[in-house]
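Worksheet for the structure shown next.
Rule-based calculations on the coordinates, nothing more; no lab input. Because the structure is a prediction, the values reported are computed rather than measured. A quick note on method: Cβ atoms are made from the backbone with ideal geometry, for glycine too, and the neighbour counts reach across all protein chains shown.
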Amino acid sequence: MGFDTYQIDPNKCTECVGFYDHSTCQRVCPIDNAIIIDPEHIETKEELIAKFEQLKNS
Ligand code: SF4
């Protein structure tokens, strides 16, 4: 939880790679375009899979 909004920790977000085929938060959020890709944290699918594996094993 941020100051007045929820914030996504880029170190823990895998864009749902490893769990789902789409970003679950974007699917369930009732506000269009409220959750967008952070241009400062663009990751390849391989990087996201590696993060998923690291988080799963930590
Ligand atoms: S639901 Fe998926 S895309 Fe959204 S913050 Fe969590 S891991 Fe990232």
0 to 90° range, to nearest 10: angle between helix 45-56 axis and the chain longest Cα axis: 80
Around GLU47: net Lys/Arg minus Asp/Glu count, Cβ-Cβ under 12 Å: -2
Coil-residue GluC sites (Glu not before Pro) of the stretch 4-58, DSSP, other Cβ within 10 Å capped at 14: none
Taking only Cα atoms of the chain, radius of gyration then Dmax in Å: 12.0, 33
Contact order normalised by residue count of the chain, Cα under 8 Å, 6+ apart, percent: 38
